[in-house]
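Nothing in this text is a laboratory measurement; each read-out follows from the coordinates by a stated rule. Since the model is a prediction, treat every value here as computed from it, not as a measurement. Virtual Cβ from ideal backbone geometry, glycine too; neighbours counted across all protein chains shown.
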Amino acid sequence: MRKLFYKRDFVILAVILLVALIGMGTVWIYHNFTESTVVVIEHNSVEINRINLDKIEQSDIIFINDDDGCHVEIEVENGRARVLSSTCPDKICVNCGWLENKGDSAVCLPNKVVVRIE
Amino acid sequence: MKSLSKKSVIIIIVAVIVAAAIVAVSVIDAVYQSRNKAVTHTTIAMGSVVSQTIYGGSQDVCLSVSQAVAELDEERLSATSLVSEITQINKNAGIAPVTVSDETLSYIIAGIEISDKTNGAFNICMGALIDLWDIGGQNPRVPTQQEIDVALSLCDYTQIHIDGNNVFLAQSGMKIHFGAIGKGAGCDIAVDTIKQNEDVAGAVVSVGGSVATYGENPKSDVWTVGIRDPKGGVNDRLGLLKINGEAYISTSGSYEKYFEQDGRKYHHILDYSTGTPAQTELLGVTVIAPSGFLSDALSTACFVLDVQTALGVLEYYDCQAIFVFENGDVTLTNGVAENFGLESESYRIAQVYGG
């Protein structure tokens with residue numbers, strides 16, 4: 001009597017399914033992990049900085065000053081950013097803390113500074 | 001090598017189909033997810049925080065929205081922008097008519113209509129009085145009665161003359177002021193801009209305290225909008241409002257902007273009938289309307305008017321409202337009663353009007 005399945009059949013089957021799984025994995029990884037975390041900083045409605053946070057190795061501080069007495073310090077490091085200090089009365093922007101996810105933001109209305117993650 | 005058996009060929013074909021199906025499903029899923037993916041964007045425009053969550057759109061849509069809101073303010077409605085059409089009209093008060101865009105004209109006409117309908121509880125010509133008190137400005141102060149009387153004589157909205165696209169304020173010193181509707185008009189233009197992008201399935205936009213919802217929420221049947229607790233901090237909630245599709249929600253409250261002098265608090269919602277901050281037992285009114293302009297104008301009017309009169313105005317414009325009183329009572333129009341969930345224990349639902 002002939003064997004129902006040959007070993008070769010299983011090998012072919014396994015290879016094809018493996019290829020399919022790799023394809024699925026590629027789509028999934030591409031969809032979820034290719035976008036980088038970028039911090040955008042605006043002052044007086046103008047974008048003044050756009051930094052890829054994934055590529056930062058050492059933390060850095062960005063200073064924003066103008067003639068109206070605005071003085072804001074923004075700290076950026078790998079994967080996150082925050083308003084470190086601001087010359088505003090209520091400190092809502094500073095109290096936002098670290099921003100690390102897409103859509104996170106800190107706004108200082110008195111100093112017209114926006115920090116957001118895209 | 002032996003040629004493939006018939007069975008082997010069948011197995012290969014089945015395996016290829018299965019593999020193709022798996023890949024296809026994952027691609028479709030990725031596309032579907034990106035259509036329902038939320039893009040969130042926050043910036044400053046119109047002197048306020050503008051926040052957007054857009055489903056199915058991109059950051060570019062968000063940028064065009066915030067730009068449209070900023071342009072509406074700077075080029076049309078702002079009374080402080082040096083180049084806006086409203087500034088031009090105000091500068092030429094008592095001197096000469098100013099030709100304005102159709103857009104600005106439509107805001108002025110709609111503003112006069114609501115001013116008229118609310119007997120000036122909402123008044124688009126209160127610039128002189130608002131500048132006198134300067135609440136929320138650099139030098140707020142309590143003016144003398146004489147100063148108030150002079151300012152009030154310059155707030156008569158029936159003295160705005162319109163001829164075609166020409167707008168003329170009859171007396172020098174009169175000023176159109178869109179502060180009470182600017183954020184609502186900002187919501188209107190935001191949704192208009194979003195509607196031009198067919199990729200967007202749904203969106204929530206807030207300009208200052210005014211909120212617009214549009215389309216479908218892919219994550220739930222409805223949109224939920226938090227209503228702030230007037231006695232609490234920025235993040236304390238009175239309750240949650242469920243909204244279906246497109247709607248505009250604005251709140252006017254005495255807690256938003258005020259100053260203190262001689263131990264008394266003076267809030268920013270001025271009453272045209274007295275020239276002083278509105279005397280009321282209300283802490284705030286939230287209005288749900290078919291346009292942002294209307295929700296913003298009526299929330300101001302309902303805060304100033306007595307509740308019975310306010311209910312008549314709301315009915316006329318087919319709008320819903322939530323009234324919050326100092327004693328902790330919350331009252332609602334019947335069209336919103338089912339959609340509002342009170343959360344704070346400091347308040348109770350005291351009445352549903354017309355229910």
Practice item. Can you put A:ARG80, B:ARG237 in order of Cβ neighbours within 10 angstrom, beginning with the fewest? Key: B:ARG237, A:ARG80
**Study point:** Whole-Å semi-axes of the ellipsoid equivalent to chain B (Cα gyration tensor, √5λ, descending)
**Key:** 48, 25, 17
Exercise for review: Considering the options B:ALA24, A:VAL38, B:SER250, tell which one lies farthest towards the positive end of the dipole of the protein assembly as shown, charges being +1 on Lys and Arg and -1 on Asp and Glu at the Cβ, about the Cα centre.
Suggested key: B:ALA24
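With r as the distance between the Cβ atoms of A:VAL11 and B:VAL18 and R0 = 22 Å, compute the FRET efficiency 1/(1 + (r/R0)^6) and round to 0.05. Could the numbers behind the result be given before it?
Values: r = 16 Å, r/R0 = 0.72.
Computed FRET efficiency for B:VAL18 and A:VAL11 comes out at 0.85.
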Check your understanding: Which of the pairs A:LYS91/B:LYS91; A:LYS55/B:LYS195; A:LYS55/B:LYS183; A:LYS91/B:LYS37; A:LYS55/A:LYS102 have their Cα atoms more than 27 Å apart in this structure?
Key -> A:LYS91/B:LYS91; A:LYS55/B:LYS195; A:LYS55/B:LYS183; A:LYS91/B:LYS37
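With a cap of 15 neighbouring Cβ atoms within 10 Å, and only residues DSSP puts in a loop, list the trypsin sites (Lys or Arg not before Pro) found in the stretch B:180-228. Could the numbers behind the result be given before it?
Details: sites: B:LYS183, B:LYS195, B:LYS219, B:ARG228; in loops: B:LYS219.
Here the trypsin sites (Lys or Arg not before Pro) that fit, given the DSSP loop and packing criteria, are B:LYS219.
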Practice item. Return the aspartates and glutamates within reach of B:LYS265: Cα separation strictly under 15 angstrom, same-chain partners fewer than 8 residues apart disregarded; answer none if there are no such residues. Key: B:ASP134, B:GLU256, B:GLU281, B:GLU326
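Could you grab the Rg to Rh ratio for chain A? Cα atoms only, Kirkwood for Rh.
Working: Rg = 24.7 Å, Rh = 17.3 Å.
Checking Rg against Rh, the ratio lands at 1.43.
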Study note, to complete from the structure: So for R0 = 45 Å, FRET eff. of B:ASN119-B:GLN67 from the Cβ-Cβ r, to 0.05, ends up at 0.75
**Study point:** Charge-dipole axis of the protein assembly as shown as Lys and Arg at +1 and Asp and Glu at -1 on Cβ define it, positive-most pick from B:PHE323, B:ILE227, B:ILE13
**Key:** B:ILE13
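In Å, what Kirkwood hydrodynamic radius results for the protein assembly as shown from the alpha-carbon pair distances? Could the numbers behind the result be given before it?
On the way: mean 1/r = 0.0393 Å⁻¹.
It works out to 25.5 Å.
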**Study point:** Sequence of A:LEU17, A:LEU99, B:LEU72 once ranked by neighbouring C-beta atoms within 10 Å, starting from the fewest
**Key:** A:LEU17, A:LEU99, B:LEU72
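What does the convex hull of the Cα atoms of the stretch B:242-355 come to per residue, in Å³, rounded to a whole number?
Values: hull volume 12.7 nm³, N = 114.
In the stretch B:242-355, the Cα hull volume divided by residue count equals 111 Å³.
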Review point. Based on Cβ point charges of +1 for Lys and Arg and -1 for Asp and Glu, what charge dipole magnitude is obtained for chain B about its Cα centre, in debye rounded to the nearest 20?
Key: 1680
Check your understanding: Loop-only check: which GluC sites (Glu not before Pro) in the stretch B:228-314 are DSSP coil with at most 15 other Cβ within 10 angstrom?
Key -> B:GLU281
Check your understanding: Using alpha-carbon positions, what is the distance between the centroids of the stretch B:257-328 and the stretch B:43-95, in Å?
Key -> 24
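So for chain B, averaging the separation of alpha carbon pairs under 8 Å that are six or more residues apart and normalising by length, what relative contact order in percent results?
Reported relative contact order: 15 percent.
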Review point. Using 7 Å Cα-to-Cβ label points, what is the B:ASN166/B:GLU343 separation (nm, one decimal)?
Key: 5.4
Exercise for review: Tell me the label-point distance for the pair A:ASN78, A:LEU21, using the 7 Å Cα-to-Cβ offset, in nm and rounded to one decimal.
Suggested key: 3.1
Review point. Do any GluC sites (Glu not before Pro) in the stretch A:1-97 lie in a DSSP loop with no more than 16 other beta carbon atoms within 10 Å, and if so, which?
Key: A:GLU35, A:GLU57
Revision key, fill the gap. For B:ASP236 and A:PHE63, extending 7 Å from Cα along the Cα-Cβ vector and measuring point to point gives, in nm, a value of 4.0
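Would you order A:HIS71, A:HIS43, A:HIS31 from fewest to most other beta-carbon atoms within 10 Å of each residue's own beta-carbon?
Numbers: A:HIS71 14, A:HIS43 20, A:HIS31 17.
Starting with the residue having the fewest Cβ neighbours, the order is A:HIS71, A:HIS31, A:HIS43.
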Exercise for review: Grab the DSSP H runs of chain A that are 4 residues or longer, score each as -39,500 (n - 2.57), total them, divide by all residues and round the 222 nm result to the nearest 500 deg cm²/dmol.
Suggested key: -8500 deg cm²/dmol
Check your understanding: Along the principal axes of its C-alpha atoms, what lengths does the stretch B:119-248 span, in descending order and rounded to whole Å?
Key -> 56, 44, 27
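Can you give the FRET efficiency for B:SER81 and B:GLN59, using 1/(1 + (r/R0)^6), R0 = 25 Å, r = Cβ-Cβ distance, to the nearest 0.05?
Working: r = 26 Å, r/R0 = 1.05.
Efficiency at R0 = 25 Å is approximately 0.40.
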